[in-house]
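Since every read-out is calculated from the coordinates, none of them should be taken as a lab result. Small disclaimer: the values here were computed from a predicted structure and weren't measured. Note: ideal-geometry Cβ built from the backbone for every residue, glycine included; neighbour counts use all protein chains shown.
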Amino acid sequence: MNTGLLFPGQGSQRPQMLHDLVQHPAVDETLAEISEALGIDARTLDSADALRSPVSVQLALFAVGVSTARALQRSGVRPFAVAGLSIGAFSAAVVAEAIELSDAIRLVRSRAEQMEHMYPTGYGLAAIVGLSEAHVNRLVISVNTTEHPVFVGNINAPLQIVIAGSIEGMKAVLAKALLQGARKAELLDVPVPSHCPLLQPIADSLRKQLEAISVQDPKVIYISNVNARAVRTAKGIAKDLADNIAHGVRWHDATSIAQELGCELLLQLPPGHTLRDLAQENLSNIKANVITPDNFDKLLHLVLS
């Protein structure tokens, strides 16, 4: 069965997520490799205190995704395609064998540290459910100012849009959205304005870092964040990993492309279930599930049968 692996982004984290993974030698080996590269035990990244920092959050999400995916691969699963939302793109690139684990760790750490230092307070993300991208874009344009910048960020579903920017600017958009029929409009637990032009300096830094490492053509289809297209070249991978921090993520389009290319089953890597839910709610005739320790063997049987 053609299977796509989906790697979640920041906001899906939870305490102890690195302690609740499937019991598999590949998980232990991968976490040991990550710990050696970081110089600390990777499992210390998922405490409630540690997860207050975007650096710990992003490194922990990367570790969870890659270690679980390697357990699948060691068990015989060869993904047909991979896609990662935001920081999940780095896990996807490693699983696609486009970049080495050690290089990805350095990139993820650099990305997160720059995000934390650039916008320590007063900025973040918010979600609007029930209004179209065009509708939200009009609201953003009506509110956006130099003092309180706000932008359209992720298009998670046709009627689920994430905005990014200053807290004050986003609150103004959320208030208008509720008045104009949004079912939900709320700030998210993400303290940085990801996927908007405010983070262009980080994209420029990542581009320079990617030029200094070895990036290979992916061994499986990699679906990009920025333009939601299948990427099959090293150049395309490097461009997406650098640019996605300063551009919106077209997640719904990405999963639609995965289905059009032939994915019959979409598996969300831990933690959380949001990507599975989005697929089930917005894609017709697709199977989607979340990988957990309890269903790992059952999913293996489904994929390999």
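Numbers for the structure displayed
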| item | result |
| --- | --- |
| For ILE223, ILE163, order by how many other beta-carbon atoms lie within 10 Å, fewest first | ILE223, ILE163 |
| Rounded Å value of the spacing that divides the Cα centres of the range 1-55 and the range 148-219 | 23 Å |
| Partner lysines for LYS176 [C-alpha distance under 17 Å; skip if fewer than 8 residues away on the same chain] | LYS184 |
| Leading residue at positive end of dipole, the chain (Cβ point charges), from ALA242, SER47, GLY169 | GLY169 |
| Normalised contact order of the range 1-72, rounded percent, pairs of Cα under 8 Å and 6 or more residues apart | 42 percent |
| Eligible lysines near LYS219 by straight Cα distance, threshold 20 Å, same-chain separation 8 or greater | LYS235, LYS239 |
| Charge context of SER214, other residues only, Cβ under 13 angstrom, K/R +1, D/E -1 | -3 |
| Sequence-separation-based contact order of the chain, relative, with Cα cut under 8 Å and 6+ spacing, percent | 24 percent |
| The range 123-187: relative contact order in percent, alpha carbon pairs under 8 Å with at least 6 residues between | 46 percent |
| Straight-distance crosslink candidates among lysines, where the alpha carbon sits under 20 Å from LYS298 and sequence neighbours closer than 8 are dropped | LYS287 |
| Choice from LEU107, LEU38, LEU18 with maximal GNM fluctuation in the chain (Cα, 10 Å cutoff) | LEU38 |
| Anisotropy class of the range 165-256 from Cα gyration tensor, a/c 1.5 cut | oblate |
| Pairwise FRET efficiency - LYS235 versus SER284, Cβ, R0 = 35 Å, nearest 0.05 | 0.55 |
| Tilt relative to the chain, helix 200-211 - C-alpha long axis, 0 to 90 degrees, to 10 | 20 degrees |
| Value of Rg to Rh for the range 121-204 (Rh from inverse mean 1/r over Cα pairs, i.e. Kirkwood) | 0.94 |
| Three-way shape call for the range 31-133 based on the alpha-carbon gyration tensor, with the a/c threshold at 1.5 | oblate |
